[in-house]
Amino acid sequence: MAQTTAASIAKVFAAAPLEQLPELIETHIADPRKSVQATVTRAVKRYEAYIKERERVAGLYRYQASFGEPAIGVDEVGRGPLAGPLAVGAVVLPPEPQLLGLNDSKKLSSSRREELASQIKEIALSWTVVYKEPQVIDEVGIGRALKDAMAGAIAATGYGDRAAAVLVDGNPVHVHPLETSIVKGDGRVAAIAAASIVAKVERDALMAVYDQQYPGYGFAHNKGYGSADHIEAIKQMGLTPLHRRSFCGHFL
């Protein structure tokens, strides 16, 4: 029987689910061909990275479970921009399946965020994003707008009166009797990470729509934050209805 080519073996490794790599590695580890050994070495590194990531994510779920289940994870996106709404995400995750890749949304590429957001929406027991528009932020202030948005998001999950815990990223907001605030919670708690990802993806998509409605401000790429080109656009063209006037006065 003809020997399987090294190229064919490499294709098998590339197509195999991560869980099957140990079996493939064991099968081919004694193959003397250098190209096969290179394939095996790459597979070992891939599998080690997979195990490390699986253990990291399991830690996010374990820490969350220590507060009781079900838990509502809450996080905000867009507290600091000059334009666009404040967005608050709230997510209730089941204990299984555990989603590899869950992390602070700022540590993920846009494509990875979008992929995870789709997975989160598919498996979540509940998820929602609540917005507070610029006019509301100008009227009541960002602190009050944040608190109201978080309260609305928690209620919108349908778990506000039956959750074991409400886990909020960052400093205390005092928005729910069962609230626990967790500094850097979007990198420590699964449901908070999920909330940060969903809120970021939803708000980014909304800012891309606004970019078409108000061209010239760069909303699709700056997301309303005070980038140099955004500030220059404000100076040249003035403010839109999307701008938080209380944030922008010193640029006019």
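Would you mind stating whether residue 55 is at pLDDT 95 or above and either more than 30 Å from residue 228 (Cβ to Cβ) or in a strand (DSSP E or B) (or both)?
Yes; evaluated as a whole, the condition is true for this residue.
Being surrounded by 22 or more Cβ atoms within 10 Å (Cβ to Cβ) and in contact with a Cys (Cβ under 6 Å, 6 or more places away or on another chain), is that true of even one residue in the range 84-104?
The answer is no, given that none of the residues of the range 84-104 is surrounded by 22 or more Cβ atoms within 10 Å (Cβ to Cβ) and in contact with a Cys (Cβ under 6 Å, 6 or more places away or on another chain).
Could we say that residue 120 is without any contact (Cβ under 8 Å) to a residue 40 or more places away in the chain and farther than 27 Å from residue 243 by Cβ here?
no
Need the failing condition index for residue 205 against (1) under 20 Å from the mean Cα position of the chain (by Cα); (2) touching a residue at least 12 places away in the same chain (Cβ under 8 Å), just the number.
(2)
Among the residues of the range 11-38, write down those that are farther than 18 Å from residue 48 by Cα and in a helix (DSSP H, G or I).
Scanning the range 11-38 gives 11, 12, 34, 35, 36.
Counting only residues that are among the hydrophobic types (A, V, I, L, M, F, W, C) and surrounded by fewer than 19 Cβ atoms within 10 Å (Cβ to Cβ), which one in the range 175-195 is farthest from residue 116 (Cα to Cα)?
Looking at the filtered set, the residue picked out is 178.
Just to be sure I understand, how many residues within the range 211-240 are at negative phi and either exposed (fewer than 12 other Cβ atoms within 10 Å of the Cβ) or part of a helix (DSSP H, G or I) (or both)?
The qualifying residues number 17.
Within the range 63-72, identify whether any single residue is modelled with pLDDT of 95 or more, in a loop (DSSP other than H, G, I, E, B), surrounded by 14 or more Cβ atoms within 10 Å (Cβ to Cβ) and in contact with a Leu (Cβ under 8 Å, 6 or more places away or on another chain), and answer yes or no.
Yes, the range 63-72 contains at least one residue that is modelled with pLDDT of 95 or more, in a loop (DSSP other than H, G, I, E, B), surrounded by 14 or more Cβ atoms within 10 Å (Cβ to Cβ) and in contact with a Leu (Cβ under 8 Å, 6 or more places away or on another chain).
Residues of the range 26-51 being surrounded by 11 or more Cβ atoms within 10 Å (Cβ to Cβ), of a type in the set (Asp, Glu) and under 37 Å from the mean Cα position of the chain (by Cα), which ones?
48
Residues that are out of contact with any helix residue (DSSP H, G or I) (no Cβ under 9 Å at 6 or more places or on another chain), of a type outside the set (Asp, Glu) and at negative phi: find the strands (runs of 3 or more DSSP E) completely inside the range 86-198 holding 2 or more of those.
179-182
Table: residues versus (1) basic (Lys, Arg); (2) touching a Gly at 6+ places or on another chain (Cβ under 6 Å); (3) more than 18 Å from residue 97 (Cβ to Cβ).
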position	(1), (2), (3)
34	yes, no, yes
49	no, no, yes
54	yes, no, no
59	no, no, no
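With the structure loaded, tell me whether residue 40 is farther than 30 Å from residue 189 by Cβ and not hydroxyl-bearing (Ser, Thr, Tyr) or whether it fails that test.
yes
All but one of (1) more than 19 Å from residue 105 (Cα to Cα); (2) under 19 Å from the mean Cα position of the chain (by Cα); (3) hydroxyl-bearing (Ser, Thr, Tyr) hold for residue 196; state the number of the condition that does not hold.
Going through the list (1) more than 19 Å from residue 105 (Cα to Cα); (2) under 19 Å from the mean Cα position of the chain (by Cα); (3) hydroxyl-bearing (Ser, Thr, Tyr), residue 196 breaks only (1).
The values are calculated or read from the model by the stated rules, or taken from the named source; none is laboratory data. Model, not experiment: these values are computed from the prediction. So basically every Cβ, Gly included, is an ideal-geometry build from the backbone, and we count neighbours across all protein chains shown.
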